[in-house]
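Written out below as structure tokens is the structure these notes cover.
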Amino acid sequence: MESVFTSIFTKFEALLNQNYELGKLLTETTQLLKREVSHYDWVGFYLLDRDTMMLVLGPYTGSSTEHTHIPVGKGICGQVASSSQTMVVQDVSQQANYLSCSMDVQSEIVVPILKDGSFVAEIDIDSHAYSPFTKEDEEFLAAIAERLSVYF
Ligand code: SME
């Protein structure tokens with residue numbers, strides 16, 4: 001992991017050691033990520049409701065969004081819920097299956113959280129920058145998703 005991400009990950013591990021309940025832990029994580037990474041402009045979690053097969057918006061930091069419930073398969077978030085694979089979209093204008101939250105958003109990364117191999121939730125990050133995400137972002141967020149998975 002790149003050094004800037006290493007120090008943020010250390011701060012994230014300090015959050016894990018606080019024994020917060022899940023909602024508080026996720027809220028604190030969104031705040032940490034948005035504060036520490038300049039190209040993260042909106043950071044939130046979507047949680048899968050298995051009864052309805054809808055993603056339900058959980059804790060987030062950034063502007064409010066109309067997309068509080070997203071069907072599996074719809075948008076970038078819904079595609080990640082159905083594939084369980086990270087999606088990096090460096091230019092959202094090139095993504096046909098995309099749900100716009102704000103005209104300011106240029107790019108997005110969505111990382112699945114898997115519990116015993118099954119999709120349970122995801123980290124969604126919007127950026128106002130064009131093509132800002134690197135392999136380091138992917139590795140960093142995958143490590144966070146992995147550590148959070150035990151809380152679901
Ligand atoms: N852009 C997402 C919708 C959620 S917002 O980014 C908060 C998508 O296409 O699924």
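The values are calculated or read from the model by the stated rules, or taken from the named source; none is laboratory data. Values in this document were obtained by computation on a predicted structure and should not be read as measured data. Every residue, glycine as well, gets a Cβ built from its backbone with ideal geometry; the counts of neighbours run over all protein chains shown. Just the protein is used for accessible areas: all its heavy atoms, side chains included, with ligands, DNA and RNA removed. Shrake-Rupley method; radii C 1.70, N 1.55, O 1.52, S 1.80 Å.
The combined condition, being in contact (Cβ under 8 Å) with a residue 24 or more places away in the chain, within 15 Å of PHE133 (Cβ to Cβ) and charged (D, E, K, R), is fulfilled by GLU108. Filtered by the rule that a residue be among the charged types (D, E, K, R) and crowded, with 19+ Cβ neighbours inside 10 Å, the range 88-112 gives a lone residue, GLU108.
Residues in the range 84-105 that are in contact (Cβ under 8 Å) with a residue 24 or more places away in the chain and away from the ligand (no atom under 12 Å from the Cβ): 6 in all.
Look at LEU26 and say whether it is within 21 Å of VAL120 (Cα to Cα) and either open to solvent by 20 Å² or more (accessible area, probe 1.4 Å) or touching a helix residue (DSSP H, G or I) at 6+ places or on another chain (Cβ under 9 Å) (or both). Yes; evaluated as a whole, the condition is true for this residue. With respect to ILE76, is the statement that it is within 13 Å of the ligand (Cβ to nearest atom), not charged (D, E, K, R) and not in a helix (DSSP H, G or I) true? Criteria not met by ILE76. Any residue in the range 27-36 that is out of contact with any Phe, Trp or Tyr (no Cβ under 7 Å at 6 or more places or on another chain), away from the ligand (no atom under 11 Å from the Cβ) and without any contact (Cβ under 8 Å) to a residue 12 or more places away in the chain? Yes, the range 27-36 contains at least one residue that is out of contact with any Phe, Trp or Tyr (no Cβ under 7 Å at 6 or more places or on another chain), away from the ligand (no atom under 11 Å from the Cβ) and without any contact (Cβ under 8 Å) to a residue 12 or more places away in the chain. On the given criteria, is HIS128 within 15 Å of the ligand (Cβ to nearest atom), within 17 Å of THR30 (Cα to Cα), open to solvent by 60 Å² or more (accessible area, probe 1.4 Å) and modelled with pLDDT of 95 or more? Judged against the criteria, HIS128 is a match. Within the range 59-87, the set of residues being open to solvent by 20 Å² or more (accessible area, probe 1.4 Å) and closer than 20 Å to ARG147 by Cβ comprises PRO59, TYR60, THR61, SER84, GLN85, THR86. Reported count of residues in the range 113-125, each being farther than 15 Å from PHE45 by Cβ and either surrounded by 19 or more Cβ atoms within 10 Å (Cβ to Cβ) or small (Gly, Ala, Ser) (or both), is 2. Does the range 10-23 include one or more residues that are open to solvent by 30 Å² or more (accessible area, probe 1.4 Å), free of Cβ contacts under 8 Å to residues at least 24 places away in the same chain, of a type in the set (D, E, K, R) and not in a loop (DSSP other than H, G, I, E, B)? No, the range 10-23 has no match at all.
Considering the range 38-60, and only residues there that are assigned to a loop (DSSP other than H, G, I, E, B) and touching a residue at least 60 places away in the same chain (Cβ under 8 Å), the residue that is nearest to the ligand (Cβ to nearest atom) turns out to be ASP41.
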